[in-house]
Amino acid sequence: MAGNRTNGILGISANFEPQVAGAFDARAVVPTQADLLLATTWEANDGGTYIYVGMTVTVAEDSTPANNGVYILLNVAGYTNINNWKFVGSGGAGNPGATGAQGAAGEIGASGAQGAAGGIGATGAQGAAGGIGASGAQGAAGGIGATGAGATGAQGSAGEIGASGAQGAAGEIGASGPQGDDANTLVTTNTQSNNYTLVLTDRDKIVEISNASTRTVTVPPNSSVAFSIGSQIMIARGDTGSVQILEGAGVTIDSSNNHTYLQYQYSGATLIKKSTNGWWLFGDLTTII
């Protein structure tokens, strides 16, 4: 024994010079995440299965880029369940330092409804039309020339045009209508003690799960409960029992590192609907408890 580990049987005091474009341990790289969960993937040439807790495997060619990266086996008996593999993350250039712990996200307050638009004030009365100025006096008619070849008398000059009347004053503008009041934005709580599926009236509420045993909160598909896109629901863990947020049939929940458990008693998280069956999940979350 060397400390708390078992010594190996074969001692080698030399370097290896690989002559194949692959891992020294043929189990260290598999094409897809699905291959991690197949029993045949881990069957050795002699028919045995030799896997162990802490074994690291790289998924290198999955069609979903987010599935590619390094996985660590946590439970030998349950290696066909993805929850028993810890996803470390995809590789990058160089050896990056460890990522610091993310601070807990603050709860998002509910948005108040917009007040109704005020009514448009009445149009002011139109001012009276100005009076028409008096017509100027007509000039005197020219004298009629003598009959015969005499010249025609000159035409008298036109009378002056009277001045325009003053324009009437503009009517007053009506007063603006009152602005609508804000809607009530107080947050209410729906307390449950058993496994619970969200309903439409949970929108903009806190759903508190309070029990000393493990409980779940299920997000139903849009075909069952049609929450509007942009709806938000806050989930709180009110007792010592763990609380997990589950996806209903066809529902996808996106959260940091795919964590879905509320971490401690009095932890909280917020669900926000982003598409027909897609939701964001932000909050004080952790992996399996």
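Some observations on this one:
- Difference of contour (0.36 nm per residue) and Cα-Cα distance, GLU172 to ASN195: 1.8 nm
- At 0.890 mPa s and 25 °C, Stokes D of region 193-241 from Kirkwood alpha-carbon radius, µm² per second: 213
- Taking Cβ atoms as reference points and 13 Å as the exclusive limit, the residues near SER90 contribute a net charge of -2, counting Lys and Arg as +1 and Asp and Glu as -1.
- Sequence-distant residues sharing a close amide H with LYS205 (under 5 Å, placed H): MET234
- Neighbourhood charge, 14 Å Cβ-Cβ cut-off, centred on THR240 and excluding it, Lys, Arg +1 and Asp, Glu -1: 0
- Overall form of region 189-286 per C-alpha gyration tensor (a/c, 1.5; a/b vs b/c): prolate
- If a spin label sat at a point 7 angstrom from the Cα of LEU37 along the line to its beta carbon, the backbone N atoms of region 249-268 nearer than 15 Å would be those of 250.
- With N counted as the residues of region 26-89, its alpha-carbon radius of gyration over 2.2 N^0.38 Å works out to 1.03.
- Using the Karplus relation 6.51 cos²θ - 1.76 cosθ + 1.60 with θ = phi - 60°, the per-residue 3J(HN,Hα) values for region 258-273 come to 6, 6, 10, 9, 6, 5, 10, 4, 6, 5, x, 8, 10, 9, 10, 6 Hz, with x marking Gly and Pro.
FYI, it's all coordinate maths here, none of it is from the lab. Given the structure is predicted, the values throughout are model-derived calculations rather than measurements. Quick reminder, even Gly has a Cβ in these numbers, built from the backbone with ideal geometry, and neighbours come from all protein chains shown.
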